[in-house]
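Taking it in order: structure first as structure tokens, then the write-up.
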Amino acid sequence: MKEEVIPHIVKEFNIGHTKVKIADNYCRDKTKEEVDEILKRIAMIALQDYRANECQKG
């Protein structure tokens with residue numbers, strides 16, 4: 001059985017009626033190099049999605 005992780009909330013704010021909570025559990029114990037690599041992967045995924053959407057527009 002998977003252990004439940006308690007989120008380490010570092011920021012809370014509202015967008016309209018939606019409450020947003022940012023937790024840093026995933027990267028809190030990572031080195032700067034590991035975090036940089038994670039951010040590069042996120043950027044590549046976002047860029048691929050953006051390009052795909054632009055191609056669909058024509």
Quick check, is ILE42 at negative phi and open to solvent by 80 Å² or more (accessible area, probe 1.4 Å)? yes
Which of the residues that make up the stretch 18-33 are of a type outside the set (Ser, Thr, Tyr) and loosely packed, with under 10 Cβ neighbours inside 10 Å? LYS19, VAL20, ASP29, LYS32, GLU33
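Each row is one residue, and each column tells you yes or no for (1) touching a residue at least 24 places away in the same chain (Cβ under 8 Å); (2) part of a strand (DSSP E or B); (3) in contact with a Gly (Cβ under 9 Å, 6 or more places away or on another chain); (4) of a type in the set (Lys, Arg).
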position	(1), (2), (3), (4)
PHE13	no, yes, no, no
LYS21	no, yes, no, yes
TYR26	no, no, no, no
LEU39	no, no, no, no
ALA43	no, no, no, no
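The values are calculated or read from the model by the stated rules, or taken from the named source; none is laboratory data. Model, not experiment: these values are computed from the prediction. Using ideal geometry, Cβ is built from the backbone for each residue, glycine included, and neighbour counts are taken over all protein chains shown. SASA here: full protein model, heavy atoms, side chains in, ligands and nucleic acids out. Shrake-Rupley method; radii C 1.70, N 1.55, O 1.52, S 1.80 Å.
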